[in-house]
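Everything on this sheet refers to the single structure shown next.
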Amino acid sequence: MSTATIAGCGALALWAFLALLSRLAAGIPPLQITAMGFAVGGVVGLAVVAATGRLGALRQRPLAWLHGVGGLFGYHALYFIALALAPAVEANLINYLWPLLIVLLSAPLRGLRLGPARLAGVGLGFAGCAILVGTGASFPAEALPGFLAALGCAVTWAVYSVTAGTKPLAGVPTEAVAGFCLATAACALVAHLVFETTVLPDARQALALLLLGLGPVGAAFFLWDVGMKRGDPRLLGTLAYAVPVASTLLLILAGEGTMSLRVVLATLMVAGGGMIAARAR
């Protein structure tokens, strides 16, 4: 496994903490959380970029900004629309098609070989995810707009991720993600002011927002950019199914849930899928 792929795995590890930290920030509107989290991640990232004398990396072509901000803000905006218009279980299950789509798109967009072992691995991972987050899903017809938004989430993130390593965008330095985070924070702030009422965070919520901005909504996107540009998107897509499992286990450890046979089975299936994909040639 290359260093870049390991960096991508670091992003997956940080995203596993997203649900737990979001619980700690409960009471803050979701778009406000997005705006504040990306603002923290963007400011810290910008400070690091400035300290290394790389501020010039933020001067990118419009295509790079459209790709970066469109991916980061577009995904989150569609996700909140999906949750508003569709049941959470079904919306989350459709949203978690993005790892599968990353693997499938790696062939036509990046020219990478898939093969039966990789397809079996990502299929097993999705099945484990479905068992974990999709139990009881019913997909009522009246929630179709929300389901389409959730599908838009999956497609947006998969396309953003895989195309990051294609010829027009592979040369965009990872330092530019700091600018994309700040622009995403600005877009989320505008949406928040239009659709939500601002809530002043208390000490617990403020700490959760800070940690979100430093990790799952900050450093994770820099690591993911490295992984997608120079790592193996096929393996990272398969390993991404560990995120909902690890997230559930962290919630259980924090006393926010209970261990069940469903969690154990999902863990074994996702782990098995990851092992199959990791061994594939």
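Numbers for the structure displayed
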item: For region 69-138 versus region 207-221, the gap between their alpha-carbon centres in whole angstrom; result: 22
item: At least 30 Å along the helix axis (C-alpha) and Kyte average at least 0.0, DSSP helices within the chain; result: 30-51, 62-85
item: Cα gyration tensor shape of region 175-236, rounded if a/c is under 1.5, else prolate or oblate by comparing a/b with b/c; result: prolate
item: Å² per residue, accessible surface of region 114-267 at 1.4 Å; result: 41
item: Net length gained if the chain between Ala254 and Ile6 were fully extended (0.36 nm per residue, minus Cα distance); result: 86.6 nm
item: Spacing of the two label points (7 Å from each Cα toward its C-beta) at Ala206 and Ala117, in nm; result: 5.2
item: Charge dipole magnitude, Cβ of K and R +1, D and E -1 - the chain, Cα centre, debye nearest 20; result: 1000
item: Global form of region 109-148, assessed from the alpha-carbon gyration tensor, a/c cut-off 1.5; result: oblate
item: Cα point-scatterer Debye curve for the chain, base-10 log of I(q)/I(0) at q = 0.08, 0.12, 0.14, 0.15 Å⁻¹; result: -0.32, -0.74, -1.04, -1.20
item: Burial ranking of peptide ranges 39-50, 238-249, 139-150 (average Cβ count within 10 Å, highest at the top); result: 238-249, 39-50, 139-150
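The values are calculated or read from the model by the stated rules, or taken from the named source; none is laboratory data. Here the structure is a predicted model, which means the values were calculated and not measured. Virtual Cβ from ideal backbone geometry, glycine too; neighbours counted across all protein chains shown. The area values use the complete protein model at the heavy-atom level, side chains included, leaving out ligands, DNA and RNA. Shrake-Rupley method; radii C 1.70, N 1.55, O 1.52, S 1.80 Å.
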